[in-house]
1. Sequence neighbours fewer than 8 away in the same chain don't count; with that in mind, list the lysines whose C-alpha is under 29 Å from Lys20.
2. Positive end of the charge dipole of the range 1-152 (Lys, Arg +1 and Asp, Glu -1 on Cβ, about the Cα centre): tell me which of Asn19, Met1, Tyr131 has its Cα farthest that way.
3. So in the chain, what percent of DSSP beta bridges are antiparallel if you round to the nearest 5?
4. Determine the calculated [θ] at 222 nm for the chain from helices alone, applying -39500 (n - 2.57) to every DSSP H run no shorter than 4 residues and normalising by the residue count; nearest 500 deg cm²/dmol.
5. Can you tell which of Pro70, Pro193, Pro13 shows the greatest fluctuation in a Gaussian network model of the chain with Cα springs below 10 Å?
6. Charges at C-beta only: +1 for Lys and Arg, -1 for Asp and Glu. How large is the resulting dipole of the chain about its Cα centre, in Debye rounded to 20?
7. With a/c under 1.5 counting as rounded, go ahead and sort the chain into rounded, prolate or oblate using the C-alpha gyration tensor (a ≥ b ≥ c being the square roots of the eigenvalues; past the cut-off, prolate if a/b is larger than b/c, else oblate).
8. Charges on Cβ only, +1 for Lys and Arg, -1 for Asp and Glu, centred on the Cα centroid of the range 1-156; of Ala100, Gly114, Ile33, which one is farthest towards the dipole's positive end?
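Just so it is clear, none of the values below were taken in a lab; they were calculated from the coordinates. The structure presented is a predicted model; accordingly, all values stated were derived computationally and were not measured. With ideal geometry, Cβ positions are generated from the backbone for all residues, glycine too; neighbour counts draw on all protein chains shown.
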Amino acid sequence: MHARITGWGKYLPQRVLTNKDLEKMVDTSDEWIVTRTGIRERRIVGDDEATSTMAVAAGRGALEVAGLSPGLLDMVIVATNSPDRMMPASAALVQHALGAKNAAAFDVVGACSGFIYALVTAYQFIAAGAYENILVVASEAISRAMNWEDRSTSVLFGDGAGAAVVQANEHATDMLSFVLGNDGSGADLLYIPHPCGMPTNVSNDRRYYMIMEGRAVFKFAVTAMVEASKQVIDGAGLNIADIDLFIPHQANSRITQAAIKALDIPSDKVFVNLDRYGNLSAASPAVALCEAVEQRRLKEGDLVVLVAFGAGLSWAAMVLRWQPGA
Ligand code: ACO
């Protein structure tokens, strides 16, 4: 059976944290953050919100676009690195809140590559003929893993959620190729030791905050984005010039610039929302895909590359021929 994305949604928390706000919290400056990362502001999850609540909002939006009732979902996959709890999966909370009573539910912890890992998983279940309707959500309350005194991490990340509905389709599959990879020898370069639920549920112990070797991750990121993009484009039997839109993981504008320069991709073919949201971790490509459609950057028949990298050290990419309506 073939599969296609038929719905998309997003949720961004109301609270905006600007670079100027950060200047009051840690030894940094708006000028440093903008020139070294491209980020101007990010959203921060409310005290009564968590990864699961944002995932529900984004998931509802995606189901609405797809015109699909939650009761018809066969599976809910949540990609997150900031789950409400260690156990159960955030997907269990999302399944219940959506009323997706007939759906299996589990989380994917694939760092910033998690949304693409989860999407590829959904396509496999449909291709195997096992399921027809799958909701994939990427959601992050990753600000709760920030040590606000650590300027090497706290200026980079933001919270939010994005979602996609993948449905069986009798004509053709929109995913033309994919690449998933991981190099566990870099697992200590970027990690979070603890879940990120509502403040009443989590410890404020500093040992649990995100730890990152930024420079090493930067070098890995550029190579991973370049190689994964080349591999999926090649795997789809296409050339770089055939691609209408690149949606790279929104981590740092210098990483994106270095990657697109190496790939020889013009910047007008690259989607950017990093300036408004920072690094949304797994939710980054999900929110970017949703906004690309909303802003009409992605039209029926367009070829799009999604590519991400992250802790693990992981990478993932896919080529889609965008055709949700056909
Ligand atoms: N404000 C002001 N100064 C800062 C800040 C800050 N927020 N952070 C670092 N500096 C200083 C450093 O102390 C250093 O000062 P020094 O020269 O006096 O020693 C100087 O700026 C340069 O520091 P570098 O670490 O070399 O800065 P770099 O240009 O590498 O930028 C950054 C750091 C932004 C972290 C970059 O390395 C990066 O983006 N790495 C990739 C990180 C990433 O993408 N992680 C997410 C992966 S996805 C996932 O799975 C979650």
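1. Excluding near neighbours in sequence, the set is Lys10, Lys219.
2. Met1
3. Of the beta bridges lying entirely in the chain, close to 70 percent run antiparallel.
4. -9500 deg cm²/dmol
5. Result: Pro193 has the largest fluctuation of those listed.
6. In total the dipole reaches around 220 debye.
7. Numbers: a/c = 1.69, a/b = 1.17, b/c = 1.44.
It is oblate, given that a/c is not under 1.5 and a/b is not larger than b/c.
8. Ala100
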